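Since every read-out is calculated from the coordinates, none of them should be taken as a lab result. All figures in this text were calculated on a predicted structure; none of them were measured in a lab. Note: ideal-geometry Cβ built from the backbone for every residue, glycine included; neighbour counts use all protein chains shown.
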Amino acid sequence: MEQTFYKYQGTGNDFVMIDNRQQTFDKNDTKRVAFLCDRRFGIGADGLILLENHPDLDFRMVYYNADGNESTMCGNGGRCLVAFAKDLGVIKEHAVFEAIDGLHHAEINNGIVKLQMLDVDSVQEFENHVFLNTGSPHHVQFEEKIEDFDIKTKGAQIRYGAPYNQEGTNVNFVSKVNDDTFRVRTYERGVEDETLSCGTGVTAVAIAMNRLKETDKTLINLNVEGGKLQVSFDIDNGVYKNVWLIGPATYVFKGTI
Ligand SMILES: N[C@@H](CCC[C@H](N)C(=O)O)C(=O)O
C-alpha cells in the first residue's frame, strides 16, 4: 500500500512523520521502519514518528530509531511532531501530548518549538562523566578537541561498553564556549552514528553542566552540528523541574512511497 509521509528536521536531526490517526501503519514492522529511514534505499532519516489520536490529549507520539526499533523519548522529534500537528491542523499554538516517557506540554511560535521535558531527579557523577535520563539515557563527558574528535568510534566504544552494554546509552561530548554556552556532539543509540543534534542530549548536557558547576545559569545555549538550541530549567531541592527544550522545527518535504 502506498504510504504518504512528511519529512521534518530540528537542527538537523531529521524524521519521517506519518499521520497514523486512522491506525493504518503496521507498528510491528521494524524492517519497514528501517527501510523508510535508510538514506540510500529509502527516504532517509534519524528516526520515524507516528502521530496518533489520544482519548484525552491533543495526540500521542510513537518514536522509532533509524534501526527500526521503537525507543525512548526523542526531544527533537517531539518538537518536530508539534510542528507537524500544527501543519495538520490538530493543534494551534499549544499542545499537550503523550510520549513513551509521559505527558509533554509544548508551544509553537514562528517555527520555534518549546517542549517541556521530564523532571530530572537523578544525576550520577563519575570521575570523567555524568549519567542521567532526560527521557532517554545520556552519558555526558568533556572533550577539549571536540572539532577533531572521532565521535562515531569513541561514541560506539562507550555505548556498547560497560556499564551500558547491549541496552546502551546515547553519548554526548561537550566543550565549554563560555559561561552560558556549550558545544555538543552526540553519538545516538539506534542510529549508531553521530547525528547533527539530539534534543534529550542537549537537555542532559545543560543539566549536567549546572550540576558540575560549569555554569550557574538556568537558561543555557547549546551549539550543535546542525544549529543552536536552548534549555531552561528551575532547580528545586536538587531536582531539575520545569525543563524546556527550545529551538526550530522545520518542514522539509512530503511524498508517497
Ligand atoms: N534524537 C533524539 C534521541 C532519540 C532517542 C535515542 N536515539 C535513543 O534511542 O535513546 C533526541 O532529539 O532526543
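If you plug the beta carbon distance of residue 254 and residue 147 into 1/(1 + (r/R0)^6) with R0 = 30 Å, you get a FRET efficiency near 0.30. With 10 Å bins beginning at zero, the pair-distance distribution over Cα atoms of region 25-98 amounts to 20, 47, 29, 4 %. When peptides 158-168, 239-249, 124-134, 73-83 are sorted by average Cβ neighbour count within 10 Å, with the highest value leading, the order is 73-83, 239-249, 124-134, 158-168.
Applying a DSSP loop filter and a limit of 14 other Cβ atoms within 10 Å to the GluC sites (Glu not before Pro) in region 5-100 leaves 93. Ignoring lysines fewer than eight residues from residue 92 along the same chain, the ones with Cα atoms less than 16 angstrom from its Cα are 114.
What the phi angles of region 152-157 give under the Karplus curve with 6.51, -1.76 and 1.60, with θ = phi - 60°, is a coupling list of 5, 5, 5, x, 5, 4 Hz, glycine and proline written as x.
Quarter the surface of the alpha carbon convex hull of region 163-257 and you get the mean projected area, 8.2 square nanometres. Couplings for region 43-55, taken from phi via the Karplus curve 6.51 cos²θ - 1.76 cosθ + 1.60 with θ = phi - 60°, read 7, x, 5, 7, x, 10, 10, 9, 9, 10, 5, 10, x Hz in order; Gly and Pro are left as x.
Local charge for residue 87 was computed over the other residues whose Cβ lies under 15 Å away, with Lys and Arg +1 and Asp and Glu -1, and equals +3.
Placing a pseudo-label 7 Å from each Cα along the Cα-to-Cβ vector at residue 176 and residue 107 gives an inter-label distance of 3.1 nm. Just how many % of Cα pairs in region 42-84 lie over 12 Å apart, if you round to the nearest whole percent? Here the long-distance tail beyond 12 Å is 61 percent of all Cα pairs in region 42-84. Under Stokes-Einstein, with the Kirkwood radius over Cα pairs as Rh, the value for the chain at 37 °C and 0.692 mPa s is 180 µm²/s.
With a/c under 1.5 counting as rounded, go ahead and sort region 110-173 into rounded, prolate or oblate using the C-alpha gyration tensor (a ≥ b ≥ c being the square roots of the eigenvalues; past the cut-off, prolate if a/b is larger than b/c, else oblate). Show your work: numbers first, answer last.
Numbers: a/c = 1.81, a/b = 1.30, b/c = 1.39.
Because a/c hits 1.5 or more and a/b fails to exceed b/c, region 110-173 counts as oblate.
Bridging of residue 7 to aspartates and glutamates at a Cα separation below 14 Å is possible for 19, 38, 46, 87, once same-chain residues fewer than 8 apart are set aside. Label sites at residue 157 and residue 126, each approximated as a point 7 angstrom past Cα along Cα to Cβ, lie 1.4 nm apart.
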